[in-house]
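Peer 1: Handing you a structure now.
The values are calculated or read from the model by the stated rules, or taken from the named source; none is laboratory data. Please read these numbers as outputs of a predicted model, since none were measured by experiment. Backbone-built Cβ (ideal geometry, glycine too); neighbour counts: all protein chains shown. Please note that ligands, DNA and RNA were not included when accessible areas were found on the heavy atoms of the full protein model with its side chains. Shrake-Rupley method; radii C 1.70, N 1.55, O 1.52, S 1.80 Å.
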Amino acid sequence: MLTIYFTENKHCLKDTFIRLQGQWSVNVWCGITDDEIIGPHFINGNLNGNIYANFIKDTLGYLLEELPSFTRQTMWYQHDGCPAHYSLIARRELDAKFQNRWIGRGGPISWPAHSPELTPLHLFL
């Protein structure tokens, strides 16, 4: 449920049910670290656990290879709680690549479900 606050009348609220997450035919991954933007990388088709796990295993390393070794070894990975991110196969890949250094649903540091915060990074790091 989404609550909309109107600027004209601050006492007027409208509760609307909307579909916040769904399957898309194109997904975009992008990373930010220090002063670097990594990507974007486009993933065509509907995202599922196997496709996301293959991205982590096969593509992510290639995208990160321009970063200094120290940054790659100490960086944290964060994603939200979409079903593909929560799949067991994807979480196993994240555990292998970012041992206890990833934030997400079912991870070592949990992403708060339906959090009003844009990111839990400022709360944790």
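Peer 1: Consider segment 37-63. How many of its residues are more than 18 Å from Ser87 (Cα to Cα) and of a type in the set (Phe, Trp, Tyr)?
Peer 2: 2
Peer 1: Is one or more of the residues making up segment 88-104 buried (at least 19 other Cβ atoms within 10 Å of the Cβ), in contact with a helix residue (DSSP H, G or I) (Cβ under 6 Å, 6 or more places away or on another chain) and over 21 Å from Phe42 (Cα atoms)?
Peer 2: Taking every residue of segment 88-104 in turn, at least one turns out to be buried (at least 19 other Cβ atoms within 10 Å of the Cβ), in contact with a helix residue (DSSP H, G or I) (Cβ under 6 Å, 6 or more places away or on another chain) and over 21 Å from Phe42 (Cα atoms).
Peer 1: Let me confirm something: among Gly45, Gly31, Gly49, which residue is open to solvent by less than 100 Å² (accessible area, probe 1.4 Å) and either touching a Gly at 6+ places or on another chain (Cβ under 8 Å) or among the β-branched types (Val, Ile, Thr) (or both)? Quick ask: steps written out before the conclusion?
Peer 2: Numbers: Gly45 fails: either touching a Gly at 6+ places or on another chain (Cβ under 8 Å) or among the β-branched types (Val, Ile, Thr) (or both); Gly49 fails: either touching a Gly at 6+ places or on another chain (Cβ under 8 Å) or among the β-branched types (Val, Ile, Thr) (or both).
Gly31 is the lone residue from the list that is open to solvent by less than 100 Å² (accessible area, probe 1.4 Å) and either touching a Gly at 6+ places or on another chain (Cβ under 8 Å) or among the β-branched types (Val, Ile, Thr) (or both).
Peer 1: Moving to a separate point now. Return the pairs, sorted by first residue and then second, in which the second residue is among the aromatic types (Phe, Trp, Tyr) and open to solvent by 20 Å² or more (accessible area, probe 1.4 Å), the first residue lies in segment 40-57 and is farther than 17 Å from Gly106 by Cβ, the beta carbons are less than 6 Å apart, and the residues are 6+ apart or on different chains.
Peer 2: The qualifying pairs are His41/Trp29.
Peer 1: Tell me which residues, restricted to segment 61-87, are surrounded by fewer than 14 Cβ atoms within 10 Å (Cβ to Cβ) and assigned to a loop (DSSP other than H, G, I, E, B).
Peer 2: Correct list: Glu65, Glu66, Pro68.
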